[in-house]
Amino acid sequence: MFSAHLLLMFIVALIIVSALPGADMALVMQTSMSRGTRSGFAAACGLGLARATHVTLSACGLAALLRNAPWLYEVVRYVGAAYLTWIAVQIFRAPAFVMPEQAGGIVVARSRRADFAKGLLTNLLNPKALLFCSVLLPQFIRPEAGSVWLQVSVLGGVLVAVCAFFDVIYVLGAARIAVWLRRHPLAQTVQKWAFSSALIGFALRLSLD
């Protein structure tokens, strides 16, 4: 169905995009550093579901609707920017390290669900993520190679898998950084300011672009 060369080009494009700093990366790393690896993986799972949703919506034509209905794009864009700002404020106000593993089972479950929801909404409320799928995927679709839906499904699965791989790297890397941060209170404060500022910067970019 796909040539090895075409699939390799698609994976390389995804690697380049996944390695660039963005709101998803900032959220996963901050969650892992402040709340532990399990919370980081919960946020990553939310991001993965959002990406799969974007692939599905893109295949169904919603991305084209956003392009042709500027008001709808603006609504999603500003809601997403407001949500990123809210997360940034919550990060700044929260204690440097909150380890849910030390709490009761109900508290842990609620914390995991909250982390998952943050990951889901952070990506889902970013219309650029949906438009990215609608722009990237068609470049690698070949109608003459067989079922278009099957090709979209395969490429969408590869997209989710590659991005998830990078999320795992960010979670594990952030967890190792957190070990060092726990011994340096000043660095903890700098870390909170840095991630809060990064998310606010991404929110401003989303609302102004």
Legend entry - Likely footprinting exposure, HIS54, HIS5, fewest C-beta neighbours within 10 Å first: HIS5, HIS54
Legend entry - Theoretical FRET efficiency, 1/(1+(r/R0)^6), r = Cβ-Cβ of CYS60 and GLN139, R0 22 Å, to 0.05: 0.75
Inset, instruction - State the percent of C-alpha pairs, over all pairs in the range 10-56, separated by a distance greater than 15 angstrom. - result: 53 percent
Legend entry - LEU208 paired with PHE165, simple spin-label distance in nm, labels 7 Å along Cα-to-beta-carbon: 3.5 nm
Inset, instruction - For the range 17-24, just list the computed ³J(HN,Hα) in residue order, Karplus coefficients 6.51, -1.76 and 1.60, θ = phi - 60°, integers in Hz, with x standing in for Gly and Pro. - result: 5, 5, 7, 7, x, x, 5, 4
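At a Förster distance of 30 Å, what's the computed FRET efficiency of TRP71 paired with SER153, Cβ-Cβ distance as r, to 0.05? Each step should come with its number before you reach the end.
Values: r = 31 Å, r/R0 = 1.04.
Result of the calculation: an efficiency of 0.45.
Readers should treat all values here as calculations from the given coordinates under stated rules, not as data from a laboratory. Small disclaimer: the values here were computed from a predicted structure and weren't measured. Cβ: placed from backbone, ideal geometry, glycine included. Neighbour counts: every protein chain shown.
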